[in-house]
Structures are given as structure tokens and as C-alpha cells.
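The values are calculated or read from the model by the stated rules, or taken from the named source; none is laboratory data. From a predicted model like this one, the values you see are computed outputs, not experimental measurements. All Cβ positions, glycine included, derive from the backbone under ideal geometry; neighbour counts span all protein chains shown. Just so you know, the surface numbers come from the protein's heavy atoms only, side chains and all, with ligands and any DNA or RNA stripped out. Shrake-Rupley method; radii C 1.70, N 1.55, O 1.52, S 1.80 Å.
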Amino acid sequence: MDRRINKLFYSLKNDLNENRDDVRAEGMAAYMRNQFVYYGISSPQRKEICKKYFTAKLIDDQKSIQEFVELCWSQDEREWKYIALDFSLKYLQSSMLDLIPYYEKLVTDQPWWDTVDSIAPNMLGRLLKDDSNLRRLKQREWIDSDNFWIQRTAIILQLMYKKETDFDILKELILRRANSKEFFVQKAIGWSLRQYSKINPKAVIHFVDRNTLAPLSRREALKLIKE
């Protein structure tokens, strides 16, 4: 393992242990339905701790990214997942296409909305943005998955694309899961449409009016337009 990555990990671990707050940790775990354990470190505090380690020229290669993320992901405390994703957000480059299968795998590794909703648009969305053929191929593959987190990933992949959103593929994906009873899929449909409504509200209204969506999806899709 890269010596820099090893040093970074253990330095961070010492800082996190020193800032552990058991009372806050109980509340954070309860908020996440007691599925995970926590140090009890808030998001602003975590980011402040990481700031001194995540320097501009720390790493520039995908091997180091994967090594650090794997170390973080192997830890019990949920904050390590957030640190791994913050790290990825800072250092991941769109050219690092070999990492697509790796982040794809992480979607279903100890999944919940807190990790999936970062991996999908921020990691996979970034890596697939410049290759529309590969992106569409992966989205169509994911939407047919039996795993609803993978389905959600297909739908929210383009959240950060703004004017570059491929609305045609988004509509196709939504219609293929419009009858889903899964909350996280219904919510993803509404979220993706709401995001695109910032760019083209008329297109979203047209689509919602002409297709049958779950009430939750429809409500979420039109929320900004109604406001």
C-alpha cells in the first residue's frame, strides 16, 4: 500500500477517536434506524478535520483513491463512508474510467441513501458523463437490476448534469420503473424530474401530465414548479 495513504488513514483515525461523542453517536444511529454505528462527529466537524489532510496535491492516481476508499469502507463507523466519498469527490477525475466497476460495487456494499446518493451522481455520474454510449448502456443495465439501490443509481445518475442532462434516457428509465412500489425508487423518480425542472419546467410538466407516476413521484417532480 502507498505509504501516503497508510499515513493519511491512521492520522485521520486518531483524530476521529479524539473527537468521538457517544451521546451524539446514539442520536445519529437512531436517525439511520440503528443500522450503523457512529463516532458521533457532525458533518461540518468531519469536513474540518479532513481539510488539513486532503491537500491539493495529495494524490493524482486512481490506485491511491481505491486504496484509501477501501480502507475507509472496511471500518465500522459510518463516518468513514462519508470520508471516503468526500475524498473521492475531491480527487476523482473523469478520466479514471477503470474505477466505474469499483464504485458500482460500492452502491450495494452496506447501502443506504446516505452513500448511494453520493456515489451515483458524484462518482459514477462524473465518470460516465463524457461517454454517452457507455452511460446509457450502464443505466439500462442498472434499471433492470433486482436491487432497488442499483435502480435508484440509474435514475439519479445525472443529477449534476444540469443543461447537459439526457432527458430522453431519463424518461425511458422512469417509465421502466414507474410502477415500482419501492419508496426509494419512487423518490428517485421525483427527485430526478424536480432537478431537471430547474432547467426545463415545461418538459417536466409535459412528461408528468402524459404518464402515470406514483403520487410520491409526481408530487416531488412538480414541487419546484408549484412553488
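Structural remarks
- A crude spin-label estimate for the pair Trp112 and Asp21, with each label 7 Å from Cα along the Cβ direction, gives 1.8 nm.
- The residues of the chain present an accessible area of 51 Å² per residue when probed at 1.4 Å with all protein chains retained.
- Look at where the Cα atoms of segment 110-142 and of segment 148-210 average out, and the two centres are 13 Å apart.
- When the chain is treated as a Gaussian network with alpha carbon springs shorter than 10 Å, the biggest mean-square fluctuation among Val23, Val116, Val185 belongs to Val23.
- Seen from Asp86, the other residues with C-beta closer than 12 Å to its C-beta sum to a net charge of +3, counting Lys and Arg as +1 and Asp and Glu as -1.
- Residue among Ala25, Val37, Asn14 farthest towards the positive dipole end of segment 1-40, charges placed on Cβ: Asn14
- The chain, accessible surface, carbon-and-sulfur percent (1.4 angstrom probe): 48
- Length-normalised contact order of the chain in % [C-alpha pairs under 8 Å, at least 6 apart]: 12
- Viscosity 1.002 mPa s, 20 °C: Kirkwood-radius Stokes-Einstein D of segment 78-181 over Cα pairs, µm²/s: 155
- Point-charge dipole on Cβ atoms (K/R +1, D/E -1) for segment 96-227, about Cα centre, debye to 20: 640
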